Each structure stands twice: as C-alpha cells, then as structure tokens.
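The values are calculated or read from the model by the stated rules, or taken from the named source; none is laboratory data. Note that the structure is a prediction, hence the values are computed from the model and not measured. Each accessible area value is taken on the protein alone, full model and side chains, heavy atoms only, with ligands, DNA and RNA left out. Shrake-Rupley method; radii C 1.70, N 1.55, O 1.52, S 1.80 Å.
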Amino acid sequence: MNRADGGQCNFTALRKATRRVSQLYDAALAPSGLRSTQRAILIHIARAGTPTMGELAALLVLDRSALAHNLKPLERDGLVAVTVDPGDRRSRLVALTSLGTAKLDATTALWHDAQERFEAVFGREQAEALRATLAFIADDGFERAFAAARPF
C-alpha cells in the first residue's frame, strides 16, 4: 500500500496517533507504576464518585467486558473496589480506595509534566482544538450521526 492510500484512513490515523500519545504518557507515568489507561480509569472514577460499571463504561467509551478486564489489575492492587449495588443487586459499583486516591494524587505531577510537554510541542491552542474535536467524535451524538449517514 502506498503512503497516499494509508493517509486516507481516519481510523488508522487516529489509532497511530493514539498509540504514540499513549507511549509518551506511559513513559511519563512510568515512575508511578501506572499506565495512562489505568490513570484515566482512576480519574473518571474520582470525578464520578461511585459509578456503576455501566456508567463508568459509558464515560470511558468502553464496553463492560473491556472495562471489567481493565479493572482487574486495579482491583488486585487495591486501587479500586468493586461492590454489589445495594439498590440493584444486579449492578456493581466502582469506587477508589484510599490507596487508589493516593496513587492518583501521586501521578498528578507526572501527568501535568506530560501535558505541558505535549502542549509545548503541539501548541496550546492546537491541543485545545484537538481535545474539542476528539470530544465531538467521542460523543454519543457522533455515533448516531455516523449510523444515520449510511448511503444506503
């Protein structure tokens, strides 16, 4: 495949960029022992309080089985607790433990460093525009519009 063909695919371009940024942030967070994906899960739990598995999966744009797979090491390491929802025994609640809160706090300076380095290279305004564009794509409305845009 020639470069022109590969440069046309939105999916490939997004995946390559995502992998690169993940590598950079993982390297920045390495001293903490967390990967960027794990920190993202912890920060979403912290912001949501004690979300259900379904709520957390929706916030992260993950299916529940992928979320469960990603939570296992965090639960094993004592950073999160997954419990039965007393209001609906079919549902599970996810909460940060005190160790999880401490780990999240310990990663804040490392994350800020990665953010500042990214924006120093990419540009602050461009980074803001990129986040806005990516938020638009990650929104459920984009998924609905994409499905409705079928030419048949």
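Here is the tail figure for the chain: Cα pairs spaced more than 20 Å apart come to 59 percent of all pairs.
Annotation: amide H of R92 within the under-5 Å range of M53, G54, D85, sequence separation 5 or more or interchain, hydrogens built in the peptide plane. Of the whole protein surface, K103 contributes about 60 Å² of accessible area at a 1.4 Å probe radius.
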